[in-house]
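Working notes, structure below.
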Amino acid sequence: MTTGSKAEDDDRPLDDQGGSQGLPAAGEVEGNACNPTGGPGVRHWQAGFISQPGLDERGNVFFAAIEMTRMPMVITDPNQPDNPVVFANRAFLDLTGYDEAQVLGRNCRFLQGPDTDPDAVAEVREALAEHRAVAVDLVNYKADGTPFWNALFIGPVFDAEGRLLYYFSSQVDISRRRSFELSLRQAQKMEAIGQLTAGLAHDFNNLLQVVTANLEIAAMRLRQDELGLRCVRQAQRAAEKGGKLTQQLLAFARKQRLEPRRVNLNALVVEFSEMLVRTLGDKVDLRLDLKPGLPHCRLDPTHLEMALLNVLINARDAMPGGGRVSVGTMLLEEGSRPRVPPLPPGPHVVLCVVDEGQGMPAEVASRATEPFFTTKEPGTGLGLAMVHGFVQQSHGRLEITSEPGRGTTVRMIFPAEAPHLGAPALWRGEAGAASGGAQEAATAGEAAGPAADHDGGATILLVEDNEDVRLMTEHCLCEQGYRVLSAPSGEAGLELLGRQGHVDLLFTDVIMPGGMNGLVLAERARRRQPGLPVLLATGYAEELAGHGSSRDPVLSKPYRQAELLERVRALVHAGAGSDAPPPSRPGLQAAQGCACEAAPPSPPRRRSRHEQQG
């Protein structure tokens, strides 16, 4: 809020318009969030001086202009008791929903209500008492009780001798703008939390990778020590929980690896309903309200099921004595599309969960998707955060409406396929994971058998920027008889490959410092050695999503050594079965147990923000 100078104390020259004069605003009164002029008000008046004070002359073009404008305008008379409204134009009546007879003769406080800021009202009263202009945003109420944000400007009108005659006010409904601003601030806050969360989760995954690998080694060494082995198993369980926690954080941060498929929400809900009934228990009555003929979506069905399950568990917990929960689907009609912020064009479908629980006050509902925010005991505060992250990553919208004592409604809005589109081709990551990647490797691994002695001596190029993870992985592979070439960066790995001439497998982290990540490294390595098997490792799927994923199998950190060895054996076996004979391997001498060659460490380099996330 801002107030202008007292007209009688201001030495600026008046703007004379022939019969009326005004004190130019000169950018002084700029307290509104919305400026109709598109910039600071300079030449409009903040106070006026008139020679004809009456309101009866209404036959001129200026009165017609006031009634034709869409800017609501009001005039009050401070010389009458309680400063009543003596004129309101038709735009003001349209804005508030009142009739003229309900407005004239009343003080403007009839527009105030429970959410009107009393401090803002006090500032307005102080400005009026001092005959100053004032600009402020505050909550007012329409005739039907609907609140709206009002950008209000008030200025005094004097006669030629400087006596106060009227107050003139104009206003603009800025409710939509305020909603946009609140949504933007919330989105910025969630994005900042997400970036921090994703970076911490990635680094924590690397730490967990070292912890789990060492625990596996300790477990093998303590087979005869029952107490020691029990302690190791407890530590392994804690590490597994830590890994699940990082996956939940990545889900919130919208960095999880999704495998979208063509999904019908109705079919998914029906197939999943048996599991939902068992989870909700006997006290909760689950109802389905599914709209027939719903168009398909492109979603990850597994993550969608988990999102629906999380929402329903919250609904169950909000009804300790039991109650009814409805799961419904619908096609979002054009008239019911949310205006703030607007959805992208095109058809959308809605998956809606409505409960009859305790509900939440507005201040709790506004924070419901923040990680670790919870009102339940016990509770992690990650359930709705994961749902929010999944929906956002799926290009959708999560909406939560709740009221104490009236339950909660959670709507997941997803873009739908246009009616004329058929089933689209699988995305590259889905095709790789489903056909050419992990499943193929798993099948090959089963064929190779657990020992796969014939793979001993195969050469693996290991590229990993985290030194502890790299050393542990080297040790694990060398123990199985593999020859390992290790490099701390994509550039160093490519240089090693150039010196080596041929390797049987490239095992690389996805996100590494420098200009070359694991995906780029794999692409360039295959230019030198076509058909090179590649195994990727990551605890952070942003880079995969940004490149449309990859056909190559992916190990999610933290992984077990047994899982790593199974994937390595499968890929080495599959590569050895190709028709092309492997070239000779110059420069590598066989050794007992293993042969490891390390690339010289890359010079230290300042990481960019995105590289640090890796």
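The values are calculated or read from the model by the stated rules, or taken from the named source; none is laboratory data. Just so it is clear, the structure is predicted and the values come from calculations on it, not from any experiment. We place every Cβ from the backbone using ideal geometry, glycine too, and count neighbours over all the protein chains shown. SASA here: full protein model, heavy atoms, side chains in, ligands and nucleic acids out. Shrake-Rupley method; radii C 1.70, N 1.55, O 1.52, S 1.80 Å.
Beta carbons closer than 9 Å, at least 6 apart along the sequence or on distinct chains, pair a first residue in region 81-107 that is in contact (Cβ under 8 Å) with a residue 60 or more places away in the chain with a second that is surrounded by 14 or more Cβ atoms within 10 Å (Cβ to Cβ) and in a helix (DSSP H, G or I) for 83/108; 83/128; 92/103.
Looking only at residues in region 54-79 that are under 20 Å from residue 155 (Cβ atoms) and open to solvent by 60 Å² or more (accessible area, probe 1.4 Å), the one that is modelled with the highest pLDDT is 79. Do we find that residue 35 is in a loop (DSSP other than H, G, I, E, B), modelled with pLDDT of 75 or more and either open to solvent by 50 Å² or more (accessible area, probe 1.4 Å) or not β-branched (Val, Ile, Thr) (or both) in this structure? No; evaluated as a whole, the condition is false for this residue. Do we have residue 526 as open to solvent by 30 Å² or more (accessible area, probe 1.4 Å), outside any loop (DSSP other than H, G, I, E, B) and modelled with pLDDT of 90 or more here? The answer is yes for residue 526.
Number of residues in region 294-332 that are farther than 13 Å from residue 407 by Cα and in a strand (DSSP E or B) equals 8. The set of residues in region 503-519 being open to solvent by 10 Å² or more (accessible area, probe 1.4 Å) and either among the polar types (S, T, N, Q) or at pLDDT 90 or above (or both) consists of 504, 517. Counting only residues that are closer than 18 Å to residue 305 by Cα and either over 30 Å from the mean Cα position of the chain (by Cα) or open to solvent by less than 30 Å² (accessible area, probe 1.4 Å) (or both), how many does region 278-291 have? Residues flagged as closer than 18 Å to residue 305 by Cα and either over 30 Å from the mean Cα position of the chain (by Cα) or open to solvent by less than 30 Å² (accessible area, probe 1.4 Å) (or both) within region 278-291 amount to 3. Could you please let me know if residue 533 is over 23 Å from residue 478 (Cα atoms) and either surrounded by fewer than 23 Cβ atoms within 10 Å (Cβ to Cβ) or under 37 Å from the mean Cα position of the chain (by Cα) (or both)? Answer is no for this residue. In the set (1) open to solvent by 70 Å² or more (accessible area, probe 1.4 Å); (2) of a type in the set (Gly, Ala, Ser); (3) not in a helix (DSSP H, G or I), the condition left unmet by residue 113 is number (1). Out of all the residues in region 91-110, which are open to solvent by less than 50 Å² (accessible area, probe 1.4 Å) and of a type in the set (S, T, N, Q)? Listed by number, the residues that qualify are 96, 107. If I ask for residues that are modelled with pLDDT of 85 or more and assigned to a helix (DSSP H, G or I), which ones from region 161-188 would you list? Matches in region 161-188: 175 only. Listed by position, the helices (runs of 4 or more DSSP H) inside region 361-434 whose residues that are at pLDDT 80 or above number at least 3 are 383-393. Residues of region 505-525 that are farther than 17 Å from residue 466 by Cα and either among the small types (Gly, Ala, Ser) or touching a Gly at 6+ places or on another chain (Cβ under 6 Å) (or both): 522, 525.
Matching residues to (1) modelled with pLDDT of 80 or more; (2) open to solvent by 40 Å² or more (accessible area, probe 1.4 Å); (3) in a strand (DSSP E or B); (4) under 25 Å from residue 243 (Cα atoms):
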{"residue": "152", "(1), (2), (3), (4)": "yes, no, yes, no"}
{"residue": "158", "(1), (2), (3), (4)": "yes, no, yes, no"}
{"residue": "190", "(1), (2), (3), (4)": "no, no, no, yes"}
{"residue": "204", "(1), (2), (3), (4)": "no, yes, no, yes"}
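On the given criteria, is residue 29 out of contact with any Asp or Glu (no Cβ under 6 Å at 6 or more places or on another chain), part of a loop (DSSP other than H, G, I, E, B), under 15 Å from residue 168 (Cα atoms) and modelled with pLDDT under 65? Taking the combined requirement at face value, the residue satisfies it. When region 126-141 is filtered for residues that are under 11 Å from residue 167 (Cβ atoms) and either open to solvent by 30 Å² or more (accessible area, probe 1.4 Å) or assigned to a strand (DSSP E or B) (or both), the ones remaining, listed by number, are 128, 131, 132, 134.
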